[in-house]
Amino acid sequence: MQKASPLSLTKSFGFGDRLGVATPGHLAAALGYDFAPIFAQQSIREMARTQRTPTEVMTAAETALKAAGFNGVWGADADHLKTPEDVQVTAAAGFTFFTIDPSSYVNNRADTMSASQLEPLAAQIEREDIFHPSDYLGKTFEFGSQSLTFSPETLTRTAVKYGRAIAHSANMAAEIRSHRADADIEISVDETDFATTPHEHLFVGLELKRRGVAVTGLAPRFVGDFEKGIDYKGDLAEFERQLVLHRQIAELCGPYKISIHSGSDKFTVYPIIGRVCGDLLHVKTAGTSYLEALRAVLRVDPQLFAEIAEYSHTRFATDRASYHISTTDAEVQALEGSAQQDWEELYLDLRPGRQLLHVTFGSVLTVGRRPDGQTFREGILDRLTKNAALHEELLERHFRKHLSLLCQG
Ligand SMILES: [Zn+2]
């Protein structure tokens, strides 16, 4: 088995594995397609929520790949890194792909500020040498068959919103390069309040380029809804129109890959994404593998599944807070008392049940216990280990659906 390595601009697909036992199924699906696989991928937040260390995440993938006799190239993504300390611990564990999340430095209030509110903030970042208006004003940026110019107000707003985030990203990239000069570096701005506009993407891309920060990917926030654990919701034609612009801007400023976060289960838009992005594409998935694990648990031990579902109901109101989902408390309550023969459909195929289980994974895997005191995590891992073939088959089927639709465009 080869160690994880940087993938550079190869088309790639990330398989997040919160339980540490999904790699055999991920590998089985990946082998049939031309995406470079990322078999270790966890955000700092997910590692905190599952109480796993970066080394444990790496070891789980390596052990499975070694056992399978896999000798191909694969990557390891330390996702949503916010601080230099996040870089240090994940670099030490052997991660090769580093996703910088500068969201704490994005000024979302800039979207609604008046020109007179924006001006002093823009003047301040100019004084700090964070941005230079002359790089933009009076210039036309051409890409594909499009061209963009910045009006003074659009420039001021965009610079105030993203200027400090780019400065922070440049510092993070320098930290990453000090550990691994050839690392893959991605910048994610997907967890913002509104869709990333072409002007915003262009500004971020040009500022990174000006600072000499070479990235292999950028994750915009797309139009429409990329909710956790379910299909895309939104206008497909508008999604495609915006994606074409993002792809062209990525070629102008990089080239770098367009990275699709919350990429799980976005089946309706996969053919569009595959067709528009071509090889300049990275897709990230994570929670959907946990749901396939629970599908395996339900099929072999409905009693354990019932206990997990019941516990998830008690956690939903609290755990949903940090997630982008539309499922309401009432929709979740309506699932209670349903018949066992309907559970797979209600909890694992349809939105309310999927989102209920998606947002409560941290509590289930670190706090929840069975009446006899066994932790849910131990119970789940025991059933998955004893039924490894079923678990692998469910994951393989699920990710073949993802990958084949991405290749269908
Ligand atoms: Zn993300």
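Residues that are without any contact (Cβ under 8 Å) to a residue 60 or more places away in the chain and buried (at least 21 other Cβ atoms within 10 Å of the Cβ) within the stretch 198-212 comprise E200, H201, V204, G205, L208, listed in sequence order. If you check T140 against the conditions, is it of a type in the set (V, I, T), loosely packed, with under 13 Cβ neighbours inside 10 Å, farther than 22 Å from S289 by Cα and in the same structural domain as R211 (by the TED database)? Yes: the conditions hold for T140. Looking across the stretch 1-60, the residues that are assigned to a loop (DSSP other than H, G, I, E, B), under 15 Å from S259 (Cα atoms) and either of a type in the set (G, A, S) or open to solvent by 50 Å² or more (accessible area, probe 1.4 Å) (or both) come down to S8, L9, T10, G16. Taking the numbered list (1) closer than 20 Å to S404 by Cα; (2) outside any helix (DSSP H, G or I); (3) at pLDDT 95 or above; (4) within 16 Å of the ligand (Cβ to nearest atom) in turn, S262 passes all entries but (3). If only residues of the stretch 72-116 that are of a type in the set (A, V, I, L, M), away from the ligand (no atom under 16 Å from the Cβ) and in a loop (DSSP other than H, G, I, E, B) are counted, the one that is nearest to A4 (Cα to Cα) is V73. Quick check, is T268 part of a loop (DSSP other than H, G, I, E, B) and modelled with pLDDT of 95 or more? Against the criterion (part of a loop (DSSP other than H, G, I, E, B) and modelled with pLDDT of 95 or more), T268 does not qualify.
Yes or no, residue by residue, for (1) touching an Asp or Glu at 6+ places or on another chain (Cβ under 8 Å); (2) acidic (D, E):
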| position | (1), (2) |
| --- | --- |
| L350 | no, no |
| T360 | yes, no |
| P371 | yes, no |
| E378 | no, yes |
| L381 | no, no |
| T385 | no, no |
| A388 | no, no |
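L281 meets all of the listed conditions (1) assigned by the TED database to the domain that holds S43; (2) out of contact with any helix residue (DSSP H, G or I) (no Cβ under 6 Å at 6 or more places or on another chain); (3) open to solvent by 10 Å² or more (accessible area, probe 1.4 Å) but one, namely (3).
The set of residues in the stretch 166-179 being open to solvent by 10 Å² or more (accessible area, probe 1.4 Å) and either within 16 Å of the ligand (Cβ to nearest atom) or out of contact with any Phe, Trp or Tyr (no Cβ under 8 Å at 6 or more places or on another chain) (or both) consists of A170, N171, A174, E175, R177, S178, H179. Does L206 satisfy being under 28 Å from the mean Cα position of the chain (by Cα) and either closer than 30 Å to Y323 by Cα or of a type outside the set (F, W, Y) (or both)? It is true that L206 is under 28 Å from the mean Cα position of the chain (by Cα) and either closer than 30 Å to Y323 by Cα or of a type outside the set (F, W, Y) (or both).
If you check R275, R295, R315 for being away from the ligand (no atom under 16 Å from the Cβ), basic (K, R), in a helix (DSSP H, G or I) and surrounded by fewer than 17 Cβ atoms within 10 Å (Cβ to Cβ), only one passes: R275. Summed over the stretch 261-296, the residues that are of a type in the set (A, V, I, L, M) and over 19 Å from E396 (Cβ atoms) give a count of 6. Just one of the listed residues (S134, S145) is at pLDDT below 95, under 25 Å from A250 (Cα atoms) and of a type outside the set (A, V, I, L, M), namely S145. The conditions of being farther than 23 Å from G144 by Cα, in a loop (DSSP other than H, G, I, E, B) and within 16 Å of the ligand (Cβ to nearest atom) are not met by D231. Considering only residues in the stretch 225-243 that are modelled with pLDDT of 95 or more and touching a strand residue (DSSP E or B) at 6+ places or on another chain (Cβ under 9 Å), the one that is nearest to K284 (Cα to Cα) turns out to be Y232.
State whether one or more residues within the stretch 247-255 are at pLDDT below 95 and touching a Pro at 6+ places or on another chain (Cβ under 9 Å). No; the residues of the stretch 247-255 include none that is at pLDDT below 95 and touching a Pro at 6+ places or on another chain (Cβ under 9 Å).
The values are calculated or read from the model by the stated rules, or taken from the named source; none is laboratory data. Everything quoted here is computed from the prediction, not taken from an experiment. Please note: Cβ atoms are built from the backbone with ideal geometry, for glycine as well, and neighbour counts cover all protein chains shown. Surface accessibility is based on the protein's heavy atoms, side chains included, excluding ligands, DNA and RNA. Shrake-Rupley method; radii C 1.70, N 1.55, O 1.52, S 1.80 Å.
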